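**Student:** Here's a structure for you.
The values are calculated or read from the model by the stated rules, or taken from the named source; none is laboratory data. None of the values given here were measured: they were computed from a predicted structure. Neighbour counts are summed over all protein chains in view; Cβ atoms, including those assigned to glycine, are modelled from backbone coordinates with ideal geometry.
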Amino acid sequence: MFVNAPTTQEKILMWGNLRYMVDKLMDIRAESKKKLADNPSLTIGDVTTINLTMLSGGIQNNVVPEKLTASFDIRIALSVDQKEFENQIRRWCTEAGDGVTFEFEQKDPYVAPTQLNESNAFWVAFKAAAEKLKISMKTCTFPGGTDSRYIRELGIPAIGFSPMSNTVPGLHEHDEHLRADTFLRGIQIYESLIPAVANV
């Protein structure tokens with residue numbers, strides 16, 4: 001999401017408009033961090049995550065820019081109403097001052113999560129195969145964008161799984177990697193799980 005603030009003759013006022021929006025969104029980030037700290041059973045997929053990823057504007061130090069833009073990566077928790085969240089941002093833009101706007105670079109519709117219970121034959125088969133392999137699993141909502149959202153949008157249940165035991169997640173980090181033995185063990189695990197789910 002991009003937040004745009006127009007300039008005025010006073011740089012402080014211009015930054016104040018944008019800062020109002022930055023502060024509001026960073027307040028949500030702080031609340032989410034507190035929820036995670038206060039409840040160890042929660043995972044990052046249980047809260048709305050907000051990261052300020054880019055600030056841009058201007059061409060040089062002594063020229064007032066036409067506008068300032070702040071870019072945020074926002075992953076909305078399943079418990080948050082997307083329309084209300086967007087309306088709140090719209091209200092904050094109005095409160096921030098004239099000409100403050102926002103736009104989405106990417107906006108996905110809400111899609112209900114896959115049910116992980118006895119009503120889902122794929123989950124039952126997946127879980128049974130994992131238990132047979134003595135794999136200890138923890139289910140959670142994955143906050144990243146995966147192709148499963150498109151499958152779920154068609155009404156087809158989707159389960160994401162990564163056999164990365166004893167591995168600190170480093171998704172999209174500059175040195176993302178797996179140990180060779182973890183990678184090879186993952187292949188063996190998939191050789192059991194995929195046929196179990198495919199034969200439902």
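**Student:** I'm trying to understand the selection: among the residues of segment 30-56, which are closer than 19 Å to D81 by Cβ and out of contact with any helix residue (DSSP H, G or I) (no Cβ under 8 Å at 6 or more places or on another chain)?
**Tutor:** E31, S32, G45
**Student:** Give the residue, chosen from N87, N39, N62, that is at pLDDT below 95 and over 21 Å from P113 (Cα atoms).
**Tutor:** Step by step, each of N87, N39, N62 is checked, and only N62 is at pLDDT below 95 and over 21 Å from P113 (Cα atoms).
**Student:** Let me ask another. Of all residues in segment 16-62, how many are crowded, with 16+ Cβ neighbours inside 10 Å, under 17 Å from A96 (Cβ atoms) and touching a strand residue (DSSP E or B) at 6+ places or on another chain (Cβ under 7 Å)?
**Tutor:** Qualifying residue count, segment 16-62: 8.
**Student:** Further question on the same structure: Can you name every residue in segment 17-63 that is under 20 Å from the mean Cα position of the chain (by Cα) and either part of a strand (DSSP E or B) or of a type in the set (K, R) (or both)?
**Tutor:** The answer is K24, R29, K33, K34, K35, T49, I50, N51, L52, T53, M54, L55.
**Student:** For the structure I just gave you, tell me whether L154 is on the phi < 0 side of the Ramachandran plot, exposed (fewer than 10 other Cβ atoms within 10 Å of the Cβ) and at pLDDT 85 or above.
**Tutor:** So L154 passes the test.
**Student:** Is it fair to say A158 is touching a helix residue (DSSP H, G or I) at 6+ places or on another chain (Cβ under 9 Å) and either in the same structural domain as S32 (by TED's automatic domain parsing) or in a helix (DSSP H, G or I) (or both)?
**Tutor:** No; evaluated as a whole, the condition is false for this residue.
**Student:** Name the residue that is nearest to S32 (Cα to Cα), counting only residues in segment 80-99 that are part of a loop (DSSP other than H, G, I, E, B) and either in the same structural domain as Y150 (by TED's automatic domain parsing) or not hydrophobic (A, V, I, L, M, F, W, C) (or both).
**Tutor:** D81
**Student:** Search segment 90-118 for residues being aromatic (F, W, Y) and in contact with an Asp or Glu (Cβ under 9 Å, 6 or more places away or on another chain), and hand back the single one that is farthest from F142 (Cα to Cα).
**Tutor:** So the residue we want is F102.
**Student:** Okay, next question. When you check V124 against the structure, is it under 23 Å from F72 (Cβ atoms) and surrounded by 11 or more Cβ atoms within 10 Å (Cβ to Cβ), yes or no?
**Tutor:** No: the conditions fail for V124.
**Student:** Taking segment 109-130, which residues are assigned to a helix (DSSP H, G or I) and of a type outside the set (G, A, S)?
**Tutor:** Selection gives F122, W123, V124, F126, K127.
**Student:** Next up: I need every pair where a residue in segment 95-111 that is under 21 Å from T48 (Cβ atoms) has its Cβ under 9 Å from the Cβ of a residue that is assigned to a loop (DSSP other than H, G, I, E, B) and hydrophobic (A, V, I, L, M, F, W, C), sequence separation at least 6 or different chains.
**Tutor:** F102/M1; E103/M1; F104/M1; E105/M1; Q106/M1; K107/M1; Y110/I76; Y110/L78
**Student:** Check V200, V124, V111 and return the single one that is modelled with pLDDT of 95 or more and either of a type outside the set (G, A, S) or within 27 Å of S41 (Cβ to Cβ) (or both).
**Tutor:** Among V200, V124, V111, only V124 is modelled with pLDDT of 95 or more and either of a type outside the set (G, A, S) or within 27 Å of S41 (Cβ to Cβ) (or both).
**Student:** Of the residues D108, D98, which single one is among the acidic types (D, E) and within 25 Å of the chain's Cα centre (by Cα)?
**Tutor:** D108
**Student:** When the residues of segment 168-180 are narrowed to those that are surrounded by fewer than 10 Cβ atoms within 10 Å (Cβ to Cβ) and among the charged types (D, E, K, R), which ends up modelled with the highest pLDDT?
**Tutor:** E176
**Student:** P163: assigned to a loop (DSSP other than H, G, I, E, B) and surrounded by 15 or more Cβ atoms within 10 Å (Cβ to Cβ), yes or no?
**Tutor:** yes
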